[in-house]
1. Once you have the Cα-Cα distance between Asn159 and Asp211, take 0.36 nm times their residue separation minus that, and quote the gain in nm to one decimal.
2. Using Cα positions and a limit of under 13 Å, work out the aspartates and glutamates in reach of Lys50, with same-chain residues fewer than 8 apart set aside.
3. Using θ = phi - 60° and the Karplus curve 6.51 cos²θ - 1.76 cosθ + 1.60, what whole-Hz ³J(HN,Hα) does each residue of the range 348-357 get, with Gly and Pro shown as x?
4. Give me the net charge of Asp129's neighbourhood, meaning all other residues with Cβ under 14 Å from the Cβ of Asp129; Lys, Arg count +1, Asp, Glu -1.
5. With a point put 7 Å past each Cα toward its Cβ, work out how far Asp80 is from Glu353 in nm, to one decimal.
6. So what is the relative contact order of the chain, in percent, for Cα pairs below 8 Å that sit 6 or more residues apart?
7. Based solely on C-alpha atoms, express the radius of gyration and the Dmax of the chain in angstrom.
8. Once you list every other residue whose beta carbon is under 15 Å from the beta carbon of Leu217, what net charge do they have if Lys and Arg are +1 and Asp and Glu are -1?
Amino acid sequence: MQLRVTSLPGDGIGPEVTSQAICVLEEVAGGFGHDLELDEKEIGGVALEKFGNPLPDATIQACLASQAVLLGAVGSPAFDHNPRELRPEAGLLRLRQELGAFANLRPAVYYPALAACSPLREEIVKGTDILTVRELLGGLYFGQPRSIEGAPGAREAINTMRYCEPEIERIARVAFQLARTRRRRVLSVDKSNVLECSRLWREVVTRIAFDFPDVHLSHMYVDSAAMTLVLRPAEFDVILTENMFGDILSDQAGGVVGSLGLLASASIGGRVGLYEPVHGSAPDIAGQNVANPLGAILSVVFVLLKKIHMPKEEECVEAGVTSILKGGFRTRDLARPGERTVTTQEMGAQIAEFVRLAANANNRAAS
Ligand code: IPM
Ligand code: MG
């Protein structure tokens, strides 16, 4: 099979983790007999430096012509004082829009091998397997009007939270459908005791739920959800929520299971999906070969599973991650005091090697 993937390494630790993810993907393609066509393009700070634009047209075109986009991270303190549209983040937000990626899936899964990484007691975090389904193209991130205006000392800033029914409906359907592949529970998170957007949200989600009688729907205010996520994380299955709440709760879920470095995400709904680790550009450790590439590598798993539907290949990479963690390999973010750590490259190489051996064994069994 032909795999056409655009990679956007981006800023900070993005290039380091993406190159490990690509190594693993190359191993998958080689081992399972697929033809991988890779195209690398710029986004974020690197694109700003080179072209004065955080999302050049050539990047958009390449992404739209591929089957999946693998993104590293965007964001760099060098551009902190730029106007909004000339910040690296603007490139990512526009890319989400251009791709029509309205549904952001962020799993946070507890790995028993990483019990010590969670700040929570094992008996509390054990069994945690959360899928946050975050609406990605609406709410405060894109609502108009938005501005900062007025004389210095008396300026006023405005952002607008805005949602229309079809936007809520389509993300709700994604969440209910995904719940059917899991434990059939959707928790819709809002702030309907205060916000009109949330009242509409709750009303529409409740209506859509009638189409999914086999899925259990409950509602929670976002403040209470934040607390429950820490007190009883294992009770959550699918969290369905709007853009900003989802941004916050998905990071929190990452903290609960022990490492943001492990979280992968898929932004889907449009023609081409965008797959990226949740961790961001981490400029403080960029270029040091210490970042955790597992979030990026697990994003490849997402591509294989969701987009190209290659369950054998997907299982193989996932088994690689579980086995390497069981084997005690730890990047700095996962290591306890005194534990030996491996570099970004070593971690990637371990998974790639696992995939190579597993693919060989698979091919031997098939012949
Ligand atoms: C994320 C990030 C982005 C977001 C930033 C980089 C624009 O925090 O993907 O969670 O807020 O969506
Ligand atoms: Mg975020």
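1. Roughly 15.3 nm would be gained on extension.
2. List returned: Asp11, Glu42.
3. Listing the rounded values in order: x, 5, 4, 5, 4, 5, 4, 5, 4, 5 Hz.
4. Overall, the nearby charge balance is +4.
5. Taking the simple label geometry, Asp80 and Glu353 are separated by 4.0 nm.
6. 23
7. 20.5, 75
8. Residues near Leu217 contribute +1 overall.
Each reported figure results from applying straightforward, stated rules to the coordinates on display, with no laboratory input. As the structure is a computational prediction, the values presented were derived from the model and not from experiment. Because the Cβ atoms are built from the backbone with ideal geometry, glycine has one as well, and the counts that use them run over all protein chains shown.
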